[in-house]
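Please treat every number below as a calculation from the coordinates, not as lab data. Everything quoted here is computed from the prediction, not taken from an experiment.
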Amino acid sequence: MVLAEAVSWQGRAEEADSVLVDAEPSGDDEWLMARWGCLRAANLAWGCGDVEAATRALDDVKKRVASKPASS
């Protein structure tokens, strides 16, 4: 994920998405899955300019993370 974030910040959003797709977590670690999904959605929305794909990515992650949101 660090590589994908660095590549995205360099303006190589398509390459960053490819790295993220290849590094998709198994889902055993919900925090990691949520972090990965947020990074992928941000890259898709702002880097690739594809808000619809970003929304789909977040929806997919939401289905895979069973934890309730943290409250303050």
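A few points about this structure:
- Over all directions, the projected convex hull of the C-alpha atoms in the chain averages 5.0 nm² in area.
- Maximal additional length on extending the Cys38-Glu52 stretch stands at 3.6 nm, based on 0.36 nm per residue less the C-alpha distance.
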